[in-house]
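Written out below as structure tokens is the structure these notes cover.
The values are calculated or read from the model by the stated rules, or taken from the named source; none is laboratory data. Please read these numbers as outputs of a predicted model, since none were measured by experiment. Please note: Cβ atoms are built from the backbone with ideal geometry, for glycine as well, and neighbour counts cover all protein chains shown. These area figures cover heavy atoms from the full protein model, side chains too; ligands, DNA and RNA do not enter into them. Shrake-Rupley method; radii C 1.70, N 1.55, O 1.52, S 1.80 Å.
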Amino acid sequence: MVAMEAPVRRHRRLRRSETIRALVRETELTPSHLVYPIFVEAGLTGREPIEPMPGQFRLGLDAVSEEARELGRLGIPAVLLFGIPETKDEAGSSAWQPHGVVQEAIRRMKDANPDLVTIGDVCLCEYTTHGHCGVLAPDGSVDNDRTLPLLAQMAVSLAEAGCDIIAPSDMMDGRVAAIRHALDSAGFEQVAILSYAAKFASAFYGPFRVAADSAPAFGDRRGYQMDPANVRMAIDEVLTDVAEGADMVMVKPALPYLDVIRAVRERTELPLAAYNVSGEYAMLCAAAERGWIDRERAVHEALTAIRRAGADIVITYHAKEWARSRS
Ligand code: PBG
């Protein structure tokens, strides 16, 4: 018989108790890193469940103040706001009305919880009849340069309502520069830009498009959002937005793109956000509902993984349940 050698390294020594494990834990998750996305619908009273996103709701304007206070109690510092307007048109003009649904939501949430950081998503897809993220050219493609002033107008309108951070998600070229210029010209040089710099044309946005009523009426978004196969291109997108004046950048989606988060982390010193999108949320909910995974542990693990990959900020529909599970 051959004598068994004792292991040279005993890794299990540092896993013997929760106290030791916590001592050597490399990645921290606290509510202060989380952003909670919210859908506000014009004309709605109360809350309406979003079918493919169990536990998430469209809110009426009468419900946003309480939501802002609840986030405060849970220690969640920021919201990302999406609007479902009463009317849509070719250009998406409901997006920049002084009393538009998101503009009103920002005012009410700030009144209810002045410490809450409000992040306004800037994109036209929820406001256009055709559901694309900008205005259309005669050939049906999205006209980049004619879209830029509209995005800038939307950004200024959100800033006028008290929005702290503008987050363009449309993927037009030059939007960060156009928005920065418009904000500065209107006296909003203190309003920051969080650019959805590396946003992929993803199947994981499906539930969101139901939630926000923003599915394109024809075609898809592959002419402006990124090809899922590309990581060098993601860095190129990020560096362009940094040069145009972004204060923070984002990778989206998060879990299928952890390598992109890591690659971007290594190429910029700016704060980096990652968006744990609606399809990632829906998948986890569906498996947990069937009893196939432990929801609380899976949520914690997923959010920790996004932080470990290099994200400073995690935008997630799980924010409230995670914060509750910690308290
Ligand atoms: C708007 C926008 C989308 C998401 C955020 N902003 C949808 C899209 O690009 O089609 C998706 C977020 C999610 O899936 O949770 N353009």
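Just checking the listed ones, ARG175, ARG58, ARG12: in the Gaussian network model of the chain with Cα springs under 10 Å, the one fluctuating most is ARG12. Take region 68-127 with all the other protein chains still there, run a 1.4 Å probe, and you get 36 Å² of accessible area per residue.
For the chain, the 222 nm mean residue ellipticity estimated from helices alone, with every DSSP H stretch of n ≥ 4 adding -39500 (n - 2.57) and the total spread over all residues, rounds to -11000 deg cm²/dmol.
Name the residue from VAL142, VAL122, LEU34 whose Cα lies farthest towards the positive end of the charge dipole of the chain, charges +1 on Cβ of Lys and Arg and -1 on Cβ of Asp and Glu. Result: LEU34. Each Lys and Arg contributes +1 and each Asp and Glu -1, all at the Cβ; summed about the Cα centre of region 90-179, the dipole is approximately 200 debye. Heavy-atom accessible area for LEU239, with the other protein chains in place and a 1.4 Å probe, reaches approximately 70 Å².
Principal axis extents of the Cα atoms in the chain, from largest to smallest and rounded to whole angstrom, are 82, 42, 39. On the basis of the beta-carbon distance and an R0 of 41 Å, ALA186 and THR304 show a calculated FRET efficiency of 0.55. Scanning residues 5 or more positions from ILE84 or on other chains, those with amide H under 5 Å from its amide H are VAL40, GLU41, ALA42, with H placed 1.01 Å from N in the peptide plane.
Apolar share of the accessible surface for region 1-43: 54 percent from carbon plus sulfur atoms, 1.4 Å probe. Looking at the chain as a GNM with Cα springs under 10 Å, which of ALA78, ALA22, ALA288 has the largest mean-square fluctuation? The residue that fluctuates most here is ALA22.
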